[in-house]
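> Submitted below is the structure of interest, expressed as structure tokens.
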Amino acid sequence: MGALGDIIIGAIQQLLSILFNPIEKLIENHADALTDAVIGTPHPNAIFSRPTNEAWPELYDYHWDAMVPLALFLWAAVIGIIILLESMSNFFSSYHRSKLKKRAFTGLIGILSWWWIAALSLRFMEALTGVLVPNLSEVSLFETLSFSAMGVLGVVIALFTNFILFVLIGLLYFMRHIILYLFVLMMPILIVLWIPGVGPFSLVSGFMKRLAGFYVPFLFMTVPVALLFRLGEILGSNADLSMGGLGAWLTGLVIPLVAVISPFVLFWQAG
């Protein structure tokens, strides 16, 4: 029975190795690209001229050729509607009129300067994470247990956990890149709809302000992860990661977990 049991266990190990080998290869082959996406921030390579990298030339053209003219037209329409309502009723007090004038002027400046504000903030975040993160060639985003470390069940748990985190991180930070692109384009419209913040327009204005406020959490999503990479490098060179590979796996698991959790914490704080 002992020999038969060893044969059965060996067969199960080989079967699981075959089944989970594609997952392990997927993580190994794409972990570096995922790490770059986690700590990287899409940004144009020029601020005060037309950029030439990735999708930024098209975004630059569409921003200045379509979004800014549309925002300026809506800005003029909003101001016209407010003037019309003001002339037809006593709806706006002197305080409201003063507030609207300040908002209108601030909004106009924001519309015309948003591209440069966005480009500067994106490049700043890329530079900041570049300072915080260590040499990524020495840091692993995912650690995988070996069969000898924890046996068959340990490898199944490790690979399954890594795969779930791999997919979640990929979705979250791909979504971050897309939303940052989206904010670059739609912020002028949000600014216009924020301007009339009194009376029946206050609800729309408040919603636009809150929606625009999510730009900051999306922008700073990479900071906690970059710091954790640095901490992982320090701990990895000093901590005792024995326990037959379990300690190394648990340590490597912390970074992906924080990469998944930190966006939700930031959004909760922003909300």
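The values are calculated or read from the model by the stated rules, or taken from the named source; none is laboratory data. Just so you know, these numbers come straight off a predicted model, no measurement behind them. Because the Cβ atoms are built from the backbone with ideal geometry, glycine has one as well, and the counts that use them run over all protein chains shown. Side chains included, ligands, DNA and RNA excluded: accessible areas come from the protein's heavy atoms. Shrake-Rupley method; radii C 1.70, N 1.55, O 1.52, S 1.80 Å.
> Once label points are set 7 Å from the Cα along Cα→Cβ at both Ile117 and Val167, what is their separation, rounded to one decimal in nm?
3.9 nm
> Using a 1.4 Å probe and counting only protein heavy atoms, arrange Ser202, Ser113 so the residue with the most accessible area comes first.
Result of the area sort, largest leading: Ser202, Ser113.
> Additional query: Assuming R0 = 25 Å, what is the FRET efficiency of Phe214 and Ile81, from their Cβ-Cβ distance, to the nearest 0.05?
Rounded to the nearest 0.05, the efficiency is 0.40.
> Related question: Please work out how much length the chain gains when fully extended from Val223 to Glu126, using 0.36 nm per residue of separation minus the C-alpha to C-alpha distance, in nm with one decimal.
Gain in length upon complete extension: 33.9 nm.
> Order 163-171, 50-58, 221-229 from most to least packed using the mean count of other Cβ atoms within 10 Å.
Answer by packing, highest mean first, reads 221-229, 163-171, 50-58.
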